[in-house]
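This report concerns only the one structure given below.
The values are calculated or read from the model by the stated rules, or taken from the named source; none is laboratory data. Model, not experiment: these values are computed from the prediction. With ideal geometry, Cβ positions are generated from the backbone for all residues, glycine too; neighbour counts draw on all protein chains shown.
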Amino acid sequence: MRVTFTPSSAEALSFEDSVFDTAVMTWTLCSIPDPARALHEIRRVLRPDGQLLGVPIAAGVFYPVAGILLSPIIASAAMTFSSVSVIGNALRLRRVNL
């Protein structure tokens with residue numbers, strides 16, 4: 001399999017319509033200025049029977065050090081707990097005078 005890296009804006013992918021079988025995304029929507037436009041672009045470049053795979057970034061957090069990949073279900077649960085704790089702490093901090 002040949003892989004080519006092509007830098008491009010997520011909101012304006014530089015590919016023709018319906019050219020990819022699969023697109024892989026690793027928790028990137030939070031860092032894209034217009035996530036709805038990015039998802040539209042991904043759908044545009046995917047073939048009609050193509051698939052978008054969303055891989056939680058936490059699934060590979062231990063891979064560089066220990067060579068361990070977490071199950072996507074466990075990684076999703078960890079990321080959900082992390083998000084809930086961040087929101088909870090942010091709400092608690094609203095009541096503190098710093």
* Sort out which residues of region 1-28 are surrounded by 14 or more Cβ atoms within 10 Å (Cβ to Cβ) and not in a loop (DSSP other than H, G, I, E, B), and write them in order of number. => 20, 23, 25
* Looking only at region 54-65, decide whether some residue is over 25 Å from residue 1 (Cα atoms), loosely packed, with under 11 Cβ neighbours inside 10 Å, of a type in the set (A, V, I, L, M) and at pLDDT below 80. => yes
* Hey, can you tell me all the residues within region 22-51 that are over 18 Å from the mean Cα position of the chain (by Cα) and either in the same structural domain as residue 79 (by TED's automatic domain parsing) or not basic (Lys, Arg) (or both)? => 48, 49
